[in-house]
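Below is one structure; the comments refer to it alone.
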Amino acid sequence: MHILKWFFLVIDISFFLYFGSTALGLIPVEYAYSDYTNPILVAWNWSFFPLDMVISLSGLTAIYLHRIQSPKWKPAAFLSLCLTFCSGLMAISYWGIRLEFDLTWWLPNLFLMLYPLFFLPRFWRAASVTEVREV
């Protein structure tokens, strides 16, 4: 959990900072995604807000539950990892469909999509073993 904790902290805090910066208009247009001021793309971007907040809250909850030694940290972590993968995949799919390949937006979203894949198999195997023992 030690390494995963740091991933959760970085990702979860980054989501809060990103949406806070976006809401306050702090991201310069030259660093924003293409068509940044297009109302449809503004809506598309903000459509990620609920998902990304659930990711952040479940990740921070997993850290807290782990700290108090509750076994419920594992489902919270699993949820956060699954949704993080989905968030990255949705963004990469969108940019891929549009044939827009800007590393500024691709790299963070590829990271969101790929880093959970290193942790999810462990949770999946642990859940499978637990189910077999309980049956």
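Against the definition (part of a helix (DSSP H, G or I), within 28 Å of Lys5 (Cβ to Cβ) and more than 17 Å from the chain's Cα centre (by Cα)), how does Tyr64 come out, yes or no?
yes
Which is touching a helix residue (DSSP H, G or I) at 6+ places or on another chain (Cβ under 8 Å) and either closer than 20 Å to Phe119 by Cα or of a type outside the set (S, T, N, Q) (or both), of Leu83, Leu17, Leu24?
Only one candidate passes the filter, namely Leu83.
Kindly indicate whether Asp102 is more than 14 Å from the chain's Cα centre (by Cα) and on the phi > 0 side of the Ramachandran plot.
No.
What is the residue count in the range 11-45 for residues that are surrounded by 13 or more Cβ atoms within 10 Å (Cβ to Cβ) and either among the hydrophobic types (A, V, I, L, M, F, W, C) or not in a loop (DSSP other than H, G, I, E, B) (or both)?
15
The numbers here are math on the coordinates, done by the rules we state, and not lab data. Please read these numbers as outputs of a predicted model, since none were measured by experiment. Glycine also receives a Cβ, built like all others from the backbone with ideal geometry; neighbour counts cover every protein chain displayed.
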